[in-house]
Amino acid sequence: MNLEGFQQELVAYASEIGIDKIGFASAEPFYNLRHQLARQQQLNYQSGFEEPDLDKRTRPELLLDEAVSIISIAIAYPSKMEDAPQGMRGARRGIFSRSSWGKDYHAALKERLTLLEAFIAVHFPEARMRSMVDTGELSDRAVAERAGIGWSAKNTSIITPEFGSYVYLGEMITNIPFRYSEPMEDQCGDCRLCIDVCPTGAIVEGGQLNAQRCISFLTQTKGFLPDEFRGVIGNRLYGCDTCQTVCPKNKRKANLIHAEFTPDPEIAKPLLEPLLTISNREFKERFGYVSGSWRGKKPIQRNAILALAHFKEKSAVPALIKLLMEDERPVIRGTAAWALGKIGMPEGFEALQTVLETEQDEEVKDEIQKGLAFFAEEMKG
Ligand code: B12
Ligand code: SF4
Ligand code: SF4
């Protein structure tokens, strides 16, 4: 069979195995991206989760000898949760971003790429292939953009006309000279909704992100959350969807396509208070299969404490006092101290005064002072 015919078969097979969109790009260096990445580094706009070596990021031939083309794949994930439980006073809930509903997408996409590799190998025993999803060196978005999967939008996401921006991306570098797909025209036009609604002003100009200010990044850090952002994270436990939920291109894109990404509402929107005392084992058992657990339980617990402070949830005060007094981790004790101040109950005030005498960690002491300062302000007001 000629290559043209095989490429058509490959596209049909991809659809059979649950790949929602596939495109083909050249493996030429990504010169524009290199420039953009260097600029991001200079400005300190990167998250630190990216591959630091810009050559590896932008020159596919360094990742696979004889690289000629890159196959880009996209799999849609749901934006609607059926029977979503509502949080209420005494039983507040946090939320994971849509990209972390259901099965971890790394595994789901890798499984599909492995099947594609096997399919290609049958027809081209001499084929060379290297697949990656998220944690690889390449920019999954730059590849998808070049392969015509969607356009690179002002919120920095790749938006597809069919599924909006709610798609996971992955790719395979190959030495096969596939026919390249046409890149897609930008369809953001004059719209700038995402820039205007971003709670932290993280989208600096259309298409460029200051990741250090992005809530998605901030929810994934392990230290104290800088004060400036504590009021804006709301009840987000992992990730942020605001610049996608406001996007007109995501209207009516429920994407209820793959059962594996259907969220368990008790995991995607869990009760906050039980998270404060969850054991490592239980955390792994309950949350281990979602991508949002990759940084372990500490950031999620820190965010749960901030979410309880956001709701000024009085019933959480005893649990927060216990953390303040007994937790081994300074970030958790300190964040609990801040939250107790924010919630403002007399028991919280007493606890803060008590631990101030004994706390040894300087950062936690600062947080206790911040907590006490909320009470002082209250009394003045
Ligand atoms: C680091 C990282 C993050 C960081 C930084 C994100 C960022 N925008 O740079 C943080 C933790 C903040 C993050 C958050 C999210 N991420 Co993320 N992340 C990555 C990762 C690992 C690398 C991204 C990267 O290199 N960023 C550096 C920038 C410069 O590169 P880039 O975004 O790839 O570049 C494109 C655009 O930004 C644009 N661009 C870059 N600079 C400039 C400058 C100008 C002037 C212009 C016009 C354009 C432009 O052009 C590039 C090509 O499209 C990729 C996986 C991967 N290996 O690529 C996933 C990835 C980008 N993330 C993804 C997702 C789903 C998310 C979240 C939606 C998760 C969530 N709900 O919280 C948010 C979205 C936040 C946002 N507005 O981007 C998906 C995106 C899918 C899609 N449809 O686009 C990816 C591809 C993972 C995957 N394999 O599916 N992420
Ligand atoms: S993910 Fe949230 S914080 Fe980050 S750019 Fe989008 S709206 Fe802003
Ligand atoms: S909200 Fe508007 S500007 Fe932002 S990504 Fe969507 S269409 Fe583009």
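See the values below:
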{"read-out": "The one condition in (1) surrounded by 15 or more Cβ atoms within 10 Å (Cβ to Cβ); (2) without any contact (Cβ under 8 Å) to a residue 24 or more places away in the chain that LYS284 fails to fulfil", "value": "(1)"}
{"read-out": "Conditions (1) over 22 Å from LYS249 (Cα atoms); (2) buried (at least 20 other Cβ atoms within 10 Å of the Cβ); (3) in the same structural domain as ALA14 (by TED's automatic domain parsing); number of the one not met by PRO125", "value": "(2)"}
{"read-out": "Residues that are surrounded by fewer than 16 Cβ atoms within 10 Å (Cβ to Cβ), more than 7 Å from ligand 1 (Cβ to nearest atom) and not in a helix (DSSP H, G or I), drawn from region 34-50", "value": "LEU43, ASN44, GLY48"}
{"read-out": "Complete set of residues in region 188-211 that are more than 9 Å from ligand 1 (Cβ to nearest atom) and in a helix (DSSP H, G or I)", "value": "LEU193, ILE195, ASP196, VAL197"}
{"read-out": "Residue count for region 187-222, restricted to those that are surrounded by fewer than 16 Cβ atoms within 10 Å (Cβ to Cβ) and either away from ligand 3 (no atom under 16 Å from the Cβ) or free of Cβ contacts under 8 Å to residues at least 40 places away in the same chain (or both)", "value": "7"}
{"read-out": "So LEU109, is it in contact with a strand residue (DSSP E or B) (Cβ under 9 Å, 6 or more places away or on another chain), modelled with pLDDT of 95 or more and part of a helix (DSSP H, G or I)", "value": "yes"}
{"read-out": "Residues that are free of Cβ contacts under 8 Å to residues at least 40 places away in the same chain and within 16 Å of ligand 3 (Cβ to nearest atom), drawn from region 118-159", "value": "ARG141, GLU145, TRP151"}
{"read-out": "Lone unmet requirement of (1) surrounded by 18 or more Cβ atoms within 10 Å (Cβ to Cβ); (2) outside the structural domain of ALA14 (by TED's automatic domain parsing); (3) polar (S, T, N, Q) for GLN86", "value": "(1)"}
{"read-out": "Residue match in region 9-24 (condition: among the β-branched types (Val, Ile, Thr), under 23 Å from the mean Cα position of the chain (by Cα) and not in a strand (DSSP E or B))", "value": "yes"}
{"read-out": "Members of region 236-262 found to be assigned to a helix (DSSP H, G or I), without any contact (Cβ under 8 Å) to a residue 60 or more places away in the chain and within 15 Å of ligand 1 (Cβ to nearest atom), listed by number", "value": "THR242"}
{"read-out": "Where LEU276 falls short, out of the listed (1) over 20 Å from the mean Cα position of the chain (by Cα); (2) surrounded by fewer than 18 Cβ atoms within 10 Å (Cβ to Cβ)", "value": "(2)"}
{"read-out": "Residue satisfying all of: in region 149-201; aromatic (Phe, Trp, Tyr) and closer than 18 Å to ARG252 by Cβ; farthest from the chain's Cα centre (by Cα) among these", "value": "PHE163"}
{"read-out": "Selection from region 72-98 of residues that are touching a helix residue (DSSP H, G or I) at 6+ places or on another chain (Cβ under 7 Å), within 21 Å of GLU171 (Cα to Cα) and either away from ligand 1 (no atom under 14 Å from the Cβ) or outside any loop (DSSP other than H, G, I, E, B) (or both)", "value": "SER72, ILE73, ALA74, ILE75"}
{"read-out": "Criterion violated by LEU225 - all others in (1) at negative phi; (2) surrounded by fewer than 19 Cβ atoms within 10 Å (Cβ to Cβ); (3) more than 11 Å from ligand 2 (Cβ to nearest atom); (4) part of a loop (DSSP other than H, G, I, E, B) satisfied", "value": "(2)"}
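The values are calculated or read from the model by the stated rules, or taken from the named source; none is laboratory data. Worth saying up front: this structure is predicted, and the values here are computed from it rather than measured. Virtual Cβ from ideal backbone geometry, glycine too; neighbours counted across all protein chains shown.
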